[in-house]
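Read-outs: derived from the displayed coordinates by stated rules, not from any lab. Quick caveat, the model's predicted, so the values are computed rather than measured. Using ideal geometry, Cβ is built from the backbone for each residue, glycine included, and neighbour counts are taken over all protein chains shown.
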Amino acid sequence: MEEKIHLVIVTGMSGAGKTVAIQSFEDLGYFTIDNMPPTLVPKFIELIQHSQDNDKIAMVVDMRSRSFFAEIREVLDQVESTQELDFKILFLDATDNELVARYKETRRSHPLAHDGRVMDGINLERELLAPLKNMSQNVIDTTDLTPRMLRKEISDQFASLDDKPGFRVEVVSFGFKYGLPLDADLVFDVRFLPNPYYKPELRNLTGLDDEVYHYVMEHEESEAFYNHLLSLIEPILPGYQKEGKSLLTIAIGCTGGQHRSVSFARRLADDLEKNWVVNRSHRDKDKRKETVNRS
């Protein structure tokens, strides 16, 4: 038996959070479309049924396509009767006061407020969307929700366990002479530690070689700093996870990114992966310059 295509139509009041919602579905692995004219929905579904690439679709259908919106009920009845589809409507709503406040904050005009009065647009839109709200299987009131809370609500309602993005830690070593990693959340500098570069037998090795690793870590100041570093990082990881962050990048740098930073990143990744999903990378490990290179 073939698996059904999961289709979610996202609609609701303008200003209620449809942009955040469609981004949330994209994060969950859905193929997403914004501002889909209702009359094109059946044709798009027909195309999808002949494709093996996408079995999860989320599309925004709202009053921006007002000229097409009169046909929405007929279109949705047609979609609902398609046996190959697992079809749901997500309707986003908020109180009038909150919608007005959001429009004032963003200084945008309501799409249905032709004379510029936001409340007139809200009232008209609420009247036009009432039948669609009654059809919706999922209704979320976003009045008191932050964007992060809305993303979590959508994830709880629409994501399977396999879809939900997990929290992971990226530990990366780098050389300051090549610039900071642009995606780093936390940056630590180990250039104050003894430098293996000045040991001729270690110069052409890296922190992935045990000789360099043990040389860096055998110093008292290295051990003391590492223990402080680990005791700082371990307690804060649950907080990042709780806030909905899917990736935390920890960057450790020395001068050239081959010895001290690699050694510390190696040890930190080994310890953190006992309790967390950890990826490790060494951005500048293999960079060599003909000029003097003090890693």
Next item on the list: Specify whether the C-alpha gyration tensor of region 13-55 places it in the rounded, prolate or oblate class, a ≥ b ≥ c being the square roots of the eigenvalues: rounded for a/c under 1.5, otherwise prolate if a/b is larger than b/c and oblate if not.
Entry: oblate
Check: Does the chain come out rounded, prolate or oblate, given a ≥ b ≥ c as the square roots of the eigenvalues of its C-alpha gyration tensor, rounded meaning a/c under 1.5 and, failing that, prolate meaning a/b above b/c?
Finding: prolate
Check: By a straight-distance test (C-alpha under 22 Å), which lysines pair with Lys199 as possible cross-link partners, with residues fewer than eight away in the same chain excluded?
Finding: Lys177, Lys285, Lys287, Lys289
Margin query: Between helix 147-158 and the chain, what is the angle of the helix's C-alpha long axis to the longest principal axis, kept within 0 to 90° and rounded to the nearest 10?
Written below: 70
Margin query: Within region 5-158, how many Lys pairs that are eight or more residues apart, or on different chains, come under 30 Å at the alpha-carbon?
Written below: 17
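Which value, in debye to the nearest 20, describes the size of the charge dipole of the chain about its Cα centre when Lys and Arg Cβ atoms bear +1, Asp and Glu Cβ atoms bear -1, and nothing else is charged?
With only Lys, Arg, Asp and Glu charged at Cβ, the dipole is about 1100 debye.
How would Met63, Met119 line up from fewest to most surrounding beta-carbon atoms within 10 angstrom?
By the 10 Å Cβ count, ascending, the order reads Met119, Met63.
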Checklist line | Karplus-derived HN-Hα couplings along region 94-101 (A = 6.51, B = -1.76, C = 1.60, θ = phi - 60°), whole Hz, x at Gly and Pro | finding: 7, 5, 4, 4, 5, 4, 4, 4
Item checked: the chain: relative contact order in percent, alpha carbon pairs under 8 Å with at least 6 residues between -> 20
Item checked: Among 16-25, 220-229, 187-196, the order from most to least packed when residues are scored by Cβ within 10 Å on average -> 16-25, 187-196, 220-229
Notebook entry, point to check: For the charge dipole of the chain, defined by +1 on Lys and Arg C-beta atoms and -1 on Asp and Glu C-beta atoms about the Cα centroid, which residue among Tyr226, Ile236, Asn123 has the Cα displaced farthest towards the positive pole?
Noted result: Tyr226
Next item on the list: Calculate, axis by axis, the spread of Cα positions in region 192-295 along the three principal axes, and write the results as whole Å, longest axis first.
Entry: 46, 28, 20
Next item on the list: Place +1 on the Cβ of every Lys and Arg and -1 on the Cβ of every Asp and Glu in the chain, take the dipole about the Cα centre, and give the residue among Asn97, Leu47, Thr11 whose Cα lies farthest towards its positive end.
Entry: Asn97
Note to self: Apply the Karplus curve 6.51 cos²θ - 1.76 cosθ + 1.60, θ = phi - 60°, to the phi angles in region 175-187 and return the couplings in whole Hz, x for Gly and Pro.
What the structure shows: x, 4, 5, 9, x, 6, x, 5, 9, 6, 8, 10, 10
Notebook entry, point to check: Which value at 222 nm does the chain reach when only helices count, each DSSP H run of 4 or more adding -39,500 (n - 2.57), with the total divided by all residues and rounded to the nearest 500 deg cm²/dmol?
Noted result: -12000 deg cm²/dmol
Note to self: For the ranges 245-255, 100-110, what's the packing order if you count other beta-carbon atoms within 10 Å of each residue, average per peptide, and put the highest first?
What the structure shows: 245-255, 100-110
